Amino acid sequence: MLTHLRPTLVIGLALTVITGLAYPLAMTGLAGALFPAKAAGSLIERDGRVVGSGFIGQNFTKAGYFHGRPSATTAPDPADATKTLPAPYNASNSAGSNLGPTSKALAERVSGDLAALRAENPTDAVPVDLVTTSGSGLDPEISPEAALFQVPRVAKARGVPEESLRALVTSRVQGRTLGILGEPRVNVLALNLALNDLARP
């Protein structure tokens, strides 16, 4: 029995060192060398200060900014640790809502969001990503249609021509990765930073 125990322990220790230490360290070092900005979190700086990440959305709520997708992330309730409270774009608790198509709470939330969006832009169809959450709750991007849908509200709040904002949105559209993967998209934080450069709130 002891003759089998030693090889087992040696192999277990070797695999732990290789897969638990050597491989992760090698991949981290390689990523940092080949893609330093992405490995550091794709941090976005403005005036020497980090204002966010290109990978994690932020909860913009003011009328003068473009808004991202709804987020279902939560945070612990300070008054009761057994409960949670809505905390949109909480990067420490990435999650979807886990509500299914028969959920009354989901139907009520989507209906409320649709009504609010139709009130701010009654002429255009509401893009689906403005009323649906992503699986992570941290999606930093929206479709070009979702950004263009918000132009009338943002233009009114900032007092700028809608044509200028449509041109700004169009200039910020990122195409499919490698021309075939994913869908065209707009990073909401990058768009709002460009918006601030165009017209201060």
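Go through region 77-130 residue by residue and tally those that are among the β-branched types (Val, Ile, Thr) and either touching a His at 6+ places or on another chain (Cβ under 6 Å) or under 26 Å from residue 147 (Cβ atoms) (or both). Full working, then the answer.
Let us first name the residues in region 77-130 that are among the β-branched types (Val, Ile, Thr), namely 82, 84, 102, 110, 123, 126, 128.
From what is left, the residues that are either touching a His at 6+ places or on another chain (Cβ under 6 Å) or under 26 Å from residue 147 (Cβ atoms) (or both) are 110, 123, 126, 128.
The number of residues fulfilling the criteria is 4.
Restricting 117, 138 to those that are assigned by TED's automatic domain parsing to the domain that holds residue 74, within 27 Å of residue 53 (Cα to Cα) and either modelled with pLDDT under 95 or not aliphatic (A, V, I, L, M) (or both) reduces the list to 138.
Among the residues of region 20-29, are any closer than 30 Å to residue 153 by Cβ, free of Cβ contacts under 8 Å to residues at least 40 places away in the same chain, open to solvent by 80 Å² or more (accessible area, probe 1.4 Å) and not hydrophobic (A, V, I, L, M, F, W, C)? Checked region 20-29: no residue is closer than 30 Å to residue 153 by Cβ, free of Cβ contacts under 8 Å to residues at least 40 places away in the same chain, open to solvent by 80 Å² or more (accessible area, probe 1.4 Å) and not hydrophobic (A, V, I, L, M, F, W, C).
Counting only residues that are of a type outside the set (Gly, Ala, Ser), within 20 Å of residue 56 (Cβ to Cβ) and open to solvent by 10 Å² or more (accessible area, probe 1.4 Å), region 130-161 holds 7 of them.
Listed residues 33, 95; which is aliphatic (A, V, I, L, M) and open to solvent by 60 Å² or more (accessible area, probe 1.4 Å)? So that I can check it myself, show each step before the final result.
Numbers: 95 fails: open to solvent by 60 Å² or more (accessible area, probe 1.4 Å).
The conditions single out 33.
State yes or no: is residue 81 surrounded by fewer than 16 Cβ atoms within 10 Å (Cβ to Cβ) and part of a helix (DSSP H, G or I)?
Working: surrounded by fewer than 16 Cβ atoms within 10 Å (Cβ to Cβ): yes; part of a helix (DSSP H, G or I): no.
In short, no.
Residues of region 84-106 that are assigned to a loop (DSSP other than H, G, I, E, B) and among the hydroxyl-bearing types (Ser, Thr, Tyr): 89, 92, 94, 97, 102, 103.
I need the full set of residues from region 114-129 which are out of contact with any strand residue (DSSP E or B) (no Cβ under 7 Å at 6 or more places or on another chain) and surrounded by 13 or more Cβ atoms within 10 Å (Cβ to Cβ), in order please.
Going residue by residue through region 114-129, those that are out of contact with any strand residue (DSSP E or B) (no Cβ under 7 Å at 6 or more places or on another chain) are 114-128.
Residues satisfying the conditions are 114, 117, 118, 120, 121, 124, 126, 127.
Restricting to region 39-60, name every residue that is at negative phi and open to solvent by less than 70 Å² (accessible area, probe 1.4 Å). Those that are at negative phi and open to solvent by less than 70 Å² (accessible area, probe 1.4 Å): 39, 40, 44, 51, 53, 54, 56, 57, 58, 60. Tell me yes or no: at least one residue of region 93-103 is in contact with a strand residue (DSSP E or B) (Cβ under 8 Å, 6 or more places away or on another chain), assigned by TED's automatic domain parsing to the domain that holds residue 134 and at pLDDT 90 or above. Checking region 93-103: not a single residue is in contact with a strand residue (DSSP E or B) (Cβ under 8 Å, 6 or more places away or on another chain), assigned by TED's automatic domain parsing to the domain that holds residue 134 and at pLDDT 90 or above.
Region 114-201 holds helices (runs of 4 or more DSSP H) entirely within its bounds, and those carrying 3 or more residues that are within 27 Å of residue 96 (Cβ to Cβ) map to 144-149, 188-198.
The values are calculated or read from the model by the stated rules, or taken from the named source; none is laboratory data. Nothing here was measured: the structure is a model prediction, and the numbers come from that model. Here Cβ is always computed from backbone atoms with ideal geometry, including for glycine, and neighbour counts include all displayed protein chains. The accessibility values were calculated without ligands, DNA or RNA, using every heavy atom of the protein model including side chains. Shrake-Rupley method; radii C 1.70, N 1.55, O 1.52, S 1.80 Å.
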